[in-house]
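Participant: Got a structure for you, questions after.
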Amino acid sequence: MKEEMAAPQHKDQHILRAMLYEFLMLLDRAKNAAPRTLPPTGMTPDRYRERFVRLADREFREHHDVEYYAGQLCITANYLNRLVSGHLGVTTKQYLNRRLVDEAKRLVSVKYDRPIRNPSVNEITDLLHFESSAYFVRFFHKAVGLSPAQYRKDSTASR
């Protein structure tokens, strides 16, 4: 750029003006960028695990992905997985899936007295924020070994 600016045909300094505009644009962009959130100071691995478990217990119905929880804790998903695996003996995804399965079993096997009816598979799908009832049924069958209807039938027969 120095050579171009020193060349006799560029005495009007268009390049210098363009570089100045670019510098000002980048400076403005950096000034207006969203501030990066930093994790709270003094956070130990135990505190991260405790916060994850509390957060997961509160929000597992709505959020099934590990990245959401890692983002809430301002750490990477890999680091969260290492913390959870080391303490609980299961991956973060396995922990979340167990919470979902336990809640799904509870909802499927709930026996209401009439006139209130048992929640349908579609209602449970909505409560647990699954994409579709077909996906929920596959998830449930893979985890439990029975379809929700079979599980409901078996749980009411054992009462």
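Participant: List the number of the failed condition for residue 63; all other conditions in (1) assigned to a helix (DSSP H, G or I); (2) within 30 Å of residue 47 (Cβ to Cβ) hold.
Facilitator: (1)
Participant: Mind checking whether some residue in region 8-15 is at pLDDT 80 or above and open to solvent by less than 70 Å² (accessible area, probe 1.4 Å)?
Facilitator: No, there is no match, as no residue in region 8-15 is at pLDDT 80 or above and open to solvent by less than 70 Å² (accessible area, probe 1.4 Å).
Participant: Oh, and also: Going by the conditions given, is residue 142 in contact with a helix residue (DSSP H, G or I) (Cβ under 7 Å, 6 or more places away or on another chain), modelled with pLDDT of 95 or more, open to solvent by 60 Å² or more (accessible area, probe 1.4 Å) and of a type outside the set (Ser, Thr, Tyr)?
Facilitator: no
The values are calculated or read from the model by the stated rules, or taken from the named source; none is laboratory data. All values reported here derive from a predicted model rather than from experimental measurement. Glycine gets a Cβ as well: all are built from the backbone with ideal geometry, and neighbour counts include every protein chain shown. For the accessible areas, the whole protein counts, side chains as well, though only heavy atoms, and no ligand, DNA or RNA atoms are used. Shrake-Rupley method; radii C 1.70, N 1.55, O 1.52, S 1.80 Å.
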